[in-house]
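Enquirer: I have a structure here, written as structure tokens, and I will follow up with some questions on it.
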Amino acid sequence: MRKRLIRKLDLETLLSQVEPHPSPKPSLEQYTIPANVAATALYIAAYTYNDIIDKTVLDLGCGTGRLALGAAFLGAKQVIGVDIDKTAVRVAFKNSEKTGLKNKVQWIVADIGAIHGKFDTVIQNPPFGIQKRKADRKFLKKALEVGESIYSLHKSSNRDKAFLRKLKVSRTNTVLVFPSNFIKRFIERHNGKIKAVYPMLMTIPHMFNFHTKRRHEFVVDLYVVESEALC
Ligand SMILES: C[S@@+](CC[C@H](N)C(=O)[O-])C[C@H]1O[C@@H](n2cnc3c(N)ncnc32)[C@H](O)[C@@H]1O
């Protein structure tokens, strides 16, 4: 049966009802992905690459569930969200009740290292590795081990003001950029191939002591990756 196309605005509205973590820990970089960024990433995965609808989807480091719930809303066959933090998963479960998606997502409290199996799609917004160096690499490695198609968000080093302005006014997400050399090498070493990199503007409120401004605005890159390990 063909599933109807969901409007991006409807997806964003649903995601904006997803509550963030009530007491985020800096050591785990527990900030919640903004609803607009989550909607854009999910929309690209679903409608540009056909990697969500009727697929098995794993959200590594699911936090309070925005990406997992969005995948379920778009019509994934099965969704699993995993996070090491009990409180985050408890809130994710409540969010699934609030959004009417309780029966569509399974939640697991675990370190991502404990996850095995095969999934059509992994979608993740890992810690950027600001507090714990290289924290995002463990996520990439696991995603490439268990997923066929991977959508992974990473902080970009691009701080060019003109580029930021361009992203701010861009309504479509057709801008593509080159991957960072480091991430590219890491992905290739773990049998992955980058298909595209989409830059997005992320704005998060002041949350932790090390944040110096009221709002933080920076570029994140959505890496679309194909794992050759599972082919
Ligand atoms: C940047 S937050 C993203 C949360 C959520 N995915 C979102 O986008 O709103 C990263 C998440 O990874 C979780 N995390 C960090 N290290 C982890 C690990 N080793 N295993 C499982 N989850 C982990 C944190 O608890 C946190 O919820």
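Enquirer: About the Cα centre of the chain, what is the dipole size in debye to 20, counting +1 per Lys and Arg Cβ and -1 per Asp and Glu Cβ, all else neutral?
Expert: Values: 38 positive and 21 negative charges, 114 e Å.
For this selection, approximately 540 debye.
Enquirer: At 0.36 nm per residue, and after removing the present C-alpha to C-alpha distance, how many nm does the segment from residue 170 to residue 50 gain when stretched out fully?
Expert: Details: separation 120, 0.36 × 120 = 43.20 nm, distance 2.29 nm.
Value of the extension gain: 40.9 nm.
Enquirer: Would you kindly compute the Cα radius of gyration of the chain and its largest Cα-Cα separation (Dmax), both in Å?
Expert: 16.3, 50
Enquirer: What ³J(HN,Hα) values, in whole Hz, does the Karplus curve 6.51 cos²θ - 1.76 cosθ + 1.60 give for segment 68-78 when θ = phi - 60°, with x put for Gly and Pro?
Expert: 4, 5, x, 5, 5, 4, 6, x, 5, 6, 8
Enquirer: In the chain, if the dipole is taken from +1 on Lys/Arg beta carbons and -1 on Asp/Glu beta carbons about the Cα centre, which of 38, 69, 146 is farthest to the positive end?
Expert: It is 38, whose Cα lies furthest towards the positive end.
Enquirer: For the cross-link pairs 77/142; 8/94; 193/213; 94/141, which exceed 27 Å when the distance is taken from alpha carbon to alpha carbon? Please report the intermediate quantities before stating the final value.
Expert: Details: 77/142 21 Å; 8/94 23 Å; 193/213 36 Å; 94/141 30 Å.
Too far apart for the 27 Å limit: 193/213; 94/141.
Enquirer: Now for a separate question. 7 Å from Cα along Cα→Cβ at both residue 228 and residue 163: what's the point-to-point distance in nm?
Expert: Calculated label separation equals 2.7 nm.
Enquirer: Which of 93, 6, 105 sits farthest toward the positive end of the charge dipole of the chain, with +1 on the Cβ of Lys and Arg and -1 on the Cβ of Asp and Glu?
Expert: Going by the charge dipole, the pick is 6.
FYI, it's all coordinate maths here, none of it is from the lab. Fair warning: this is a prediction, and the values are worked out from it, not measured in the lab. Virtual Cβ from ideal backbone geometry, glycine too; neighbours counted across all protein chains shown.
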